[in-house]
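Notes for the one structure printed next.
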Amino acid sequence: MSLYEGNVLFQIVVVGAIVALVLTGVLSAFLVLRKSLLRSSDAYIAREECLLSPLITGVILTDGAVDGTGPDADWHATVRPEMEIIGKMLVGGSPLRREWNRRAAWKVLRQLTSDLSGEALGRTCTVCHDLGFFDAAMKLLKDRRWWKRTQGCRMLASMKDRKAMYPLVQLLEDRNADVRVEAAQALISIVGGAEAIGPILSRVKSVSRWLKITLSEAVQESGSSVVPHLLAALDSPYPPVREFCIQMLGELKDPEAVEALLPRLDSLAGSERAAAITTLASIGDSRAFTVILEASKDDNPLIRRAGIHGLGIFGSPEAIDPLSRFVRAGGVDERILAAEALGGLGPEGAARLHLIGKDEDESTRVIALHVLDLMQDSGADVAYEGAGHSGETV
Amino acid sequence: MFIAIQSIAQLAGHAIIFYFVSLNLLYLVLTSVSLFAVVRYMRRNELVDYRVLVRSAHATPISIIAPAHNEEASIVASILSLLRLDYSALEVIAVNDGSSDGTLAALIKEFSLRESQRLYYPRLPTKEVRGIYVSRRKEWRHLVVIDKENGGKSDALNAGINVSQHPLLCAIDADSILDQDALLRIVKPFLDDDRVVAAGGNIRIANECTSDRGRITRVRLPRHWIPLFQIVEYLRAFLTGRMGWSAMNSLLIISGAFGLFRKDVVLACGGYRHDTVGEDMELIARIHRYFHDCKEPYRIVFIPDPVCWTEAPGNLRGLSRQRNRWHRGLLDTLLKHRSMMFRPSYGLVGMVAFPYFVFYELLAPLLEALGYLLLIPGVILGLFTIGDLILFFTVAVAYGVLFSTGAVLLEEVSFRRYETPGDLLRLIICAVIENFGYRQITVWWRITGVWDYFRGVTSWGVIDRVGFTSTQHRGADVTTPEH
């Protein structure tokens, strides 16, 4: 019996294939044509950019005060004719042409907002408002599709208009993680790290490494002005937020962090405690040395490693003896960590490491020479008697 | 007796048709999932500012491991291109795997290497390491060169892992080229989600692309059919295959040419195995097992955006060796991990992905060949009707055209790496023609791969390479033995 003749299903399979092939052919033709059109549109948009760029730049650089209510020349009124011309360029023509013109205008404005600051930036924001880009972005923030909301955040980040701050703060609690990250990045872009960090830390529940990278950049740029926000966020109910704040306080090396962290230390566990140890070591307050030393002997390997590493960062010569003991005993990774910490204690630490490099125990010797070699690569002045035999195995 | 044979033949023929109907249904599901996954990926990552990773001290450091065997002609350019990748915290580990040519000498000379006291801690067993070298020059301080006895690619990778200092490992073929921002893109899943333990990047074919100082400067389609067909195959395999499996967290393979792994996970799984030619797939299978056995959440993802450019075999001889080896590697891995199959404790990997690879990747060439052998003569002998033959070609070939074309169209609506309408048209035509002749040849190669596996063949074979040069190169073939 024939499968094909005996079964409608298989006949559908064949007919379906034919239909699908025809549709695919049509789609292929459409996409090939679309590709040609896109190349034309790219060329068109590039041309329009060249036309719009001097117009828009001219508008922004025209003399006159930003605020039209003042006694000085009303800049906004002054540039109204040019703005009308630009506005007409964006609304004229077919829908496709309008879309391309708006894209060209947006590219020009985005470039200007990234290059300008101060009064010129303010005027650029006004132009964005007048041409409808700000409203379009605000509308996108309310879209039910998450990618549209992220698009809105990015547009607002480009415009750098402070009027967007409140809706962006609301989006920090959006149900979609990407939207939350974009909103945080947009806030930082618009108002700067010092002003944005507080609202961000008070609303986010987790800090992915990607968000951490963005926020840490903002923290570094803002410096000590964000310390109050970081200290306040130490009381956050969310451990990732607390851990992030502890790490940032260490990067800023702010002494206020010592007062905040020491009393909290006993209530911290795991990675938060390890971060606190590292932060205390970075700050270098003498009150923290005992705590760091104790951490280097902790049962928890994470805290123990933070303690060993911290002894190196802290920089006290008192750490030389304990670190020397750690180099001689324990797991290989921790011994290497201890040797690196020892090497970071300046000339005295390096001298001790040289000594350990002549130890009777081969594994200890090899570890010390390994770290001395690493230090040499990093440019440290650690001239040593290399044995010439490389690839020592532990 | 004749009637019995007739019945068996009919049954077999009909079974093969049913098989291909089910295969196409699965492809349809996979393609649909891939489409959504690609669209979602584009929406998430289109406008991400990756440059923040270039300047951030918090970017997770990466160790790139590039095994090399007898690559004197190209090793310096390859390593230079890796050292110049956009990434703030990078270590490049070149492993000279017992080369008999001047690979090591070329590296020592170019990078002013000196022997180092670096510790070699053999967490993973390897052949003897003869020396570890670092550069005297500050600009190359991120380079480490390991000189060791020949042990094969897996052994070289394991040696690199033993020396690496960073928490993420990037395994790469030394003769491939990464996009400048490839690391920035492939590391992002690890930054977004702590559960991600491995990520595979997209492999694209660089034949006749223009390169300059280790970077692809212009993407062009090759003029010859064989690499063109391979482009279509790669698009199908990566964009509509791996993307779909990745979305279901059931990805069973990350290309050895470009993958990023968490080092602690690779160590916990025992590193790369030496006794297989499919070491890349075998490691992923073990990672899946490890996390399912530990009952810990994890993700293995495929990222379509970061690109590794590689030279595809330009002739049938080289291609046949490659496909033979791939199929042997597939069979080897599936046999080694056969206990995962249909085990609910391994989730979708055990219940869907693994059986798919057994029944639809491994066995498909055999059944397709059987289909041609049964149905064409069968129609002549009256065992089957023309309708049956049409049905077979529809499910075995016509739907293949659809899925190949679909992959090309998906590439066009997403990444658009091929610039001109003419290029797109050529790819679409290739996607159609590929299924009439070329695909049937690859069926034969894959069948011989199964035969060679059971005969005990373990070699990698020799693939003729032209190599990347600063302009399009159409020079003499340089035979580079793969180790």
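The values are calculated or read from the model by the stated rules, or taken from the named source; none is laboratory data. Nothing here was measured: the structure is a model prediction, and the numbers come from that model. Glycine gets a Cβ as well: all are built from the backbone with ideal geometry, and neighbour counts include every protein chain shown.
Residues of the range B:50-77 that are crowded, with 16+ Cβ neighbours inside 10 Å, within 30 Å of B:Ala106 (Cβ to Cβ) and β-branched (Val, Ile, Thr): B:Ile62, B:Ile64, B:Ile65, B:Ile75, B:Val76. Does B:Ile17 satisfy the condition of being over 20 Å from the mean Cα position of the chain (by Cα) and within 12 Å of another protein chain (Cβ to nearest Cβ)? When the stated conditions are applied, B:Ile17 passes them.
Do we have A:Gln170 as in a helix (DSSP H, G or I), on the phi < 0 side of the Ramachandran plot, of a type outside the set (Val, Ile, Thr) and surrounded by 20 or more Cβ atoms within 10 Å (Cβ to Cβ) here?
Details: in a helix (DSSP H, G or I): yes; on the phi < 0 side of the Ramachandran plot: yes; of a type outside the set (Val, Ile, Thr): yes; surrounded by 20 or more Cβ atoms within 10 Å (Cβ to Cβ): no.
Taking the combined requirement at face value, the residue does not satisfy it.
Yes or no: the range A:175-191 includes at least one residue that is in a loop (DSSP other than H, G, I, E, B), within 14 Å of another protein chain (Cβ to nearest Cβ) and touching a residue at least 12 places away in the same chain (Cβ under 8 Å). Checked against the condition, which is being in a loop (DSSP other than H, G, I, E, B), within 14 Å of another protein chain (Cβ to nearest Cβ) and touching a residue at least 12 places away in the same chain (Cβ under 8 Å), the range A:175-191 yields at least one hit.
Of all residues in the range B:136-162, those satisfying the criterion of being closer than 23 Å to A:Glu340 by Cα and at pLDDT 95 or above are B:Leu143, B:Val144, B:Val145, B:Ile146, B:Ala159, B:Gly160, B:Ile161, B:Asn162.
Restricting the search to helices (runs of 4 or more DSSP H) fully inside the range A:308-385 and requiring at least 1 residues that are away from chain B (no Cβ under 14 Å) and touching a residue at least 24 places away in the same chain (Cβ under 8 Å) gives A:320-328, A:332-343, A:346-356. Taken across the range B:119-129, residues that are at pLDDT below 95, buried (at least 24 other Cβ atoms within 10 Å of the Cβ) and closer than 30 Å to B:Ala268 by Cβ do occur, with at least one present. When we screen B:Leu30, B:Leu80, B:Leu47, B:Leu85 for residues that are surrounded by fewer than 16 Cβ atoms within 10 Å (Cβ to Cβ) and not charged (D, E, K, R), the only hit is B:Leu47. Count of the range B:179-229 residues, restricted to those that are assigned to a loop (DSSP other than H, G, I, E, B) and more than 29 Å from B:Tyr438 (Cβ to Cβ), is 7.
Any idea which residue in the range B:55-66 is nearest to the chain's Cα centre (by Cα), counting only those that are within 13 Å of another protein chain (Cβ to nearest Cβ) and of a type in the set (A, V, I, L, M, F, W, C)? This residue is B:Ala59.
Restricting the range A:111-147 to residues that are of a type in the set (A, V, I, L, M) and in contact (Cβ under 8 Å) with a residue 60 or more places away in the chain, the residue that is nearest to A:Asn176 (Cα to Cα) is A:Val127.
Output yes when any residue across the range B:25-44 is assigned to a helix (DSSP H, G or I) and touching an Asp or Glu at 6+ places or on another chain (Cβ under 8 Å), and no when none is. Working first, answer last.
The initial filter retains those residues of the range B:25-44 that are assigned to a helix (DSSP H, G or I), namely B:25-44.
Add one more test, that the residue is touching an Asp or Glu at 6+ places or on another chain (Cβ under 8 Å), and what stays is B:41, B:44.
Yes, that holds for at least one residue.
Residues that are surrounded by fewer than 18 Cβ atoms within 10 Å (Cβ to Cβ) and polar (S, T, N, Q) within the range B:88-114 comprise B:Ser88, B:Ser100, B:Ser112, listed in sequence order.
How many of the residues making up the range B:383-400 are free of Cβ contacts under 8 Å to residues at least 60 places away in the same chain, assigned to a helix (DSSP H, G or I) and facing chain A (nearest Cβ under 7 Å)?
Our first condition is that a residue be free of Cβ contacts under 8 Å to residues at least 60 places away in the same chain; within the range B:383-400, this holds for B:385-387, B:389-390, B:393-394, B:397-398, B:400.
Within this subset, residues satisfying the condition of being assigned to a helix (DSSP H, G or I) are B:386-387, B:389-390, B:393-394, B:397-398, B:400.
Pick out the ones that are also facing chain A (nearest Cβ under 7 Å) and you get B:387, B:390, B:394, B:398.
The total comes to 4.
Kindly indicate whether A:Ser40 is assigned to a helix (DSSP H, G or I) and over 39 Å from the mean Cα position of the chain (by Cα). So A:Ser40 fails the test. Somewhere in the range B:68-79, is a residue at pLDDT below 95 and of a type in the set (Asp, Glu)? Within the range B:68-79 (the criterion being at pLDDT below 95 and of a type in the set (Asp, Glu)), the answer is yes, since at least one residue qualifies. The set of residues from the range B:414-424 being surrounded by fewer than 17 Cβ atoms within 10 Å (Cβ to Cβ) and either modelled with pLDDT of 95 or more or not basic (Lys, Arg) (or both) comprises B:Glu419, B:Thr420, B:Gly422. Within the range B:51-74, can you find the residues that are out of contact with any Gly (no Cβ under 9 Å at 6 or more places or on another chain), among the polar types (S, T, N, Q) and within 15 Å of B:Cys170 (Cα to Cα)? Listed by number, the list holds a single entry, B:Thr60.
Yes or no: the range B:206-217 includes at least one residue that is within 14 Å of another protein chain (Cβ to nearest Cβ), under 20 Å from the mean Cα position of the chain (by Cα) and hydrophobic (A, V, I, L, M, F, W, C). Steps first, answer last, please.
Our first condition is that a residue be within 14 Å of another protein chain (Cβ to nearest Cβ); within the range B:206-217, this holds for none.
No: zero hits.
Quick one: which residue in B:Leu283, B:Leu267, B:Leu251, B:Leu260 is at pLDDT 95 or above and in a strand (DSSP E or B)?
B:Leu260
Of all positions in the range A:125-137, none carries a residue that is at pLDDT below 90 and either within 14 Å of chain B (Cβ to nearest Cβ) or in contact with a Gly (Cβ under 7 Å, 6 or more places away or on another chain) (or both). Annotation for the range B:208-219: no member residue is touching a Phe, Trp or Tyr at 6+ places or on another chain (Cβ under 8 Å), touching a residue at least 40 places away in the same chain (Cβ under 8 Å) and among the basic types (Lys, Arg).
Residues that are more than 14 Å from chain B (Cβ to nearest Cβ): which helices (runs of 4 or more DSSP H) entirely in the range A:200-284 hold 2 or more of them? Break it down into steps so the answer makes sense when it comes.
Details: elements: A:209-222, A:227-232, A:239-252, A:256-264, A:270-283.
Fully inside the range A:200-284 and qualifying: A:227-232, A:239-252, A:256-264, A:270-283.
Scanning the range B:292-325 for residues that are under 24 Å from B:Ile172 (Cα atoms), outside any helix (DSSP H, G or I) and among the charged types (D, E, K, R) gives B:Arg299, B:Asp305, B:Glu311. Does the range A:91-103 contain any residue that is within 17 Å of A:Met155 (Cα to Cα) and among the hydroxyl-bearing types (Ser, Thr, Tyr)? Checked the range A:91-103: no residue is within 17 Å of A:Met155 (Cα to Cα) and among the hydroxyl-bearing types (Ser, Thr, Tyr).
Kindly check whether there is at least one residue in the range B:424-440 that is more than 11 Å from chain A (Cβ to nearest Cβ) and under 19 Å from the mean Cα position of the chain (by Cα). Yes: the range B:424-440 contains one or more residues that are more than 11 Å from chain A (Cβ to nearest Cβ) and under 19 Å from the mean Cα position of the chain (by Cα).
B:Val52 falls short on exactly one of the conditions (1) within 12 Å of chain A (Cβ to nearest Cβ); (2) farther than 29 Å from B:Ile303 by Cα, and that condition is (2).
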